[in-house]
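Okay, structure first, notes after.
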Amino acid sequence: MTITINDKSYNEEFVKKVEEISGQNFHQCMQCGTCSSACPMSENTDMPPRKIMLLSHFGLKDLVTVANTAWICATCNTCYVRCPRGLDIPKVMEAIRQLTLRKNENYIEPSEIPEEVLSDLPQIVLVSCFRKHTS
């Protein structure tokens, strides 16, 4: 079911998939902002985690998937530990990433990384990055 509100579409399938993959009911989020204030990466994101949770709640897939928040998330679990509702927000971010990667769309293209950058990075960083950002 798709409902259009102000040129933005409610995507019920997106909501169901994110909840299914993450195992989280993000409708429990009360928008307190604790996740955003605790996030060590929020200053590097397009949208704070609180806004991603809100947009996900409203099924606004187009806005959620273009934000870099899910990709920047360090999965440090600070938001999860501090969430008064016990929502595992890193799992929601992982679900958003997985939905993109399942379409075979890489967030980062390994062949476009300059050789001088590749030679300076530890292998474990590269492997971790490729697991998270490529399909």
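The values are calculated or read from the model by the stated rules, or taken from the named source; none is laboratory data. Model, not experiment: these values are computed from the prediction. Cβ: placed from backbone, ideal geometry, glycine included. Neighbour counts: every protein chain shown. To get the accessible areas, we keep the full protein, side chains included, count just its heavy atoms, and leave off ligands, DNA and RNA. Shrake-Rupley method; radii C 1.70, N 1.55, O 1.52, S 1.80 Å.
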Requested in this report: Quick one: accessible surface of Cys76, probe radius 1.4 Å, all protein chains present, in square angstrom to the nearest 10.
Outcome: 70
Requested in this report: Two decimals is fine: what is log10 I(q)/I(0) at q = 0.16, 0.20, 0.25 Å⁻¹ for segment 1-103, from a Debye sum with one equal scatterer on every Cα and no solvent?
Outcome: -0.61, -0.97, -1.49
Query raised in the report: Mean separation of Cα pairs under 8 Å and 6+ residues apart, divided by the residue count of the chain: what relative contact order is that in percent?
Result: 24
Query - Protein-only accessible surface order, largest first, of Tyr10, Tyr80 at 1.4 Å - result: Tyr80, Tyr10
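So, with +1 on the Cβ of K and R and -1 on the Cβ of D and E, and no other charges, what is the size of the charge dipole of segment 36-96 about its Cα centre, to the nearest 20 debye?
Once rounded to the nearest 20, the dipole reads 220 debye.
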Query raised in the report: How much accessible surface does Met41 have with a 1.4 Å probe, in Å² rounded to 10?
Result: 60
Report task. Whole number in Å², please: accessible area per residue of the chain, 1.4 Å probe, ligands, DNA and RNA not counted. Result -> 60
Report summary line: Checking every Cys Cβ in the chain against the others at 4.7 Å leaves as unpaired Cys29, Cys32, Cys39, Cys73, Cys76, Cys83, Cys129
Requested in this report: Using a 1.4 Å probe and ignoring any ligands, DNA or RNA, find the accessible area of Ser111 and quote it in Å² to the nearest 10.
Outcome: 100
Query raised in the report: How many percent of the accessible area of segment 16-135 is carbon or sulfur, using a 1.4 Å probe?
Result: 50
Report summary line: Those trypsin sites (Lys or Arg not before Pro) from segment 43-132 that are DSSP loop and have at most 11 other Cβ neighbours within 10 Å turn out to be Arg102, Lys103
Query raised in the report: Which value in deg cm²/dmol, rounded to the nearest 500, describes the helix-derived mean residue ellipticity at 222 nm for the chain, given -39,500 (n - 2.57) per DSSP H run of n ≥ 4 and division by the residue count?
Result: -13500 deg cm²/dmol
